[in-house]
Amino acid sequence: MNDHDLPRVLLIGDSIAKGYYSAVEANLKGRACVARVSTSKAIGDPALLSELKVFLAQAQYDVIHFNIGMHGWAYTEVEYRQNFPALVKAIRRGPPAAKLIWASTTPIRKDLVEYGATNSRIEARNLAAREYAAAHGIPVNDLYALMLPHADLHSDDVHFNQEGSAMLGGQVAREIAKLLPRKSR
């Protein structure tokens, strides 16, 4: 959908956001033009900030919903906390008037110790990001809490099946809808 009279929304995320994108787009049909950028780059990777700078220069957005949390397990939680502000600053530099929503990283079905991914690490990263968001007036969409009781909706140990992605997309759309400006028509 490319209705220029509708507010523009951007989802920034990883494969989890890619999974719920179509549900968000369907839930906001007629109310917003939804775009996405999906990346496997991690918070702390300088290439992520460069990638976002190029992408955000292409259009103006009214609302940006973001999370990039399922990658970068080689970075410590301290490094995650230290690099999170740079991510927010890079997003704000794109469309400075956009309203931001940070989404917590979703839980995994079982700890993947061999890759470094565990729910305790996800919780620590979510806490660091939540604290920063609270200090800077950024609303939080708690997707971790939403999906924690739904391990049965995983399609593998990290991703969600169609029902889980629809549940995520529904909540993402509801949170975005709260911040949408009125149509200009």
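Tell me, which residue of segment 89-100 that is out of contact with any helix residue (DSSP H, G or I) (no Cβ under 7 Å at 6 or more places or on another chain) and hydrophobic (A, V, I, L, M, F, W, C) is surrounded by the most Cβ atoms within 10 Å (Cβ to Cβ)?
So the residue we want is A98.
Between residues in segment 43-55 that are surrounded by 13 or more Cβ atoms within 10 Å (Cβ to Cβ) and residues that are in a loop (DSSP other than H, G, I, E, B) and among the hydroxyl-bearing types (S, T, Y), which pairs lie under 6 Å by C-beta distance while being six or more apart or on different chains?
G44/Y75
Quick check: is even one residue across segment 68-75 in contact with a strand residue (DSSP E or B) (Cβ under 8 Å, 6 or more places away or on another chain) and either over 14 Å from S104 (Cα atoms) or among the hydroxyl-bearing types (S, T, Y) (or both)?
Yes: one or more hits.
Name, by its number, the condition in (1) surrounded by fewer than 16 Cβ atoms within 10 Å (Cβ to Cβ); (2) more than 17 Å from V24 (Cβ to Cβ) that does not hold for N161.
Unmet for N161, out of (1) surrounded by fewer than 16 Cβ atoms within 10 Å (Cβ to Cβ); (2) more than 17 Å from V24 (Cβ to Cβ): (2).
Quick check on segment 119-130. Is at least one of its residues closer than 22 Å to L11 by Cβ, in contact (Cβ under 8 Å) with a residue 12 or more places away in the chain and either loosely packed, with under 14 Cβ neighbours inside 10 Å or among the β-branched types (V, I, T) (or both)?
The answer is yes; a qualifying residue exists.
When the residues of segment 1-52 are narrowed to those that are among the basic types (K, R) and touching a helix residue (DSSP H, G or I) at 6+ places or on another chain (Cβ under 6 Å), which ends up nearest to L100 (Cα to Cα)? Talk me through it step by step, then tell me what you get.
Applying the first criterion (among the basic types (K, R)) to segment 1-52 yields 8, 18, 29, 31, 36, 41.
After this cut, where a residue has to be touching a helix residue (DSSP H, G or I) at 6+ places or on another chain (Cβ under 6 Å) as well, the list is 36, 41.
Values: R36: 14, K41: 20 Å.
Looking at the filtered set, the residue picked out is R36.
Have a look at G170, G94 and point out the one that is within 15 Å of the chain's Cα centre (by Cα) and touching a residue at least 40 places away in the same chain (Cβ under 8 Å).
G170
Taken together, the values in this text are just the output of simple stated rules run on the coordinates, not laboratory data. Remember, predicted model here, so these are calculated numbers, not experimental data. Because the Cβ atoms are built from the backbone with ideal geometry, glycine has one as well, and the counts that use them run over all protein chains shown.
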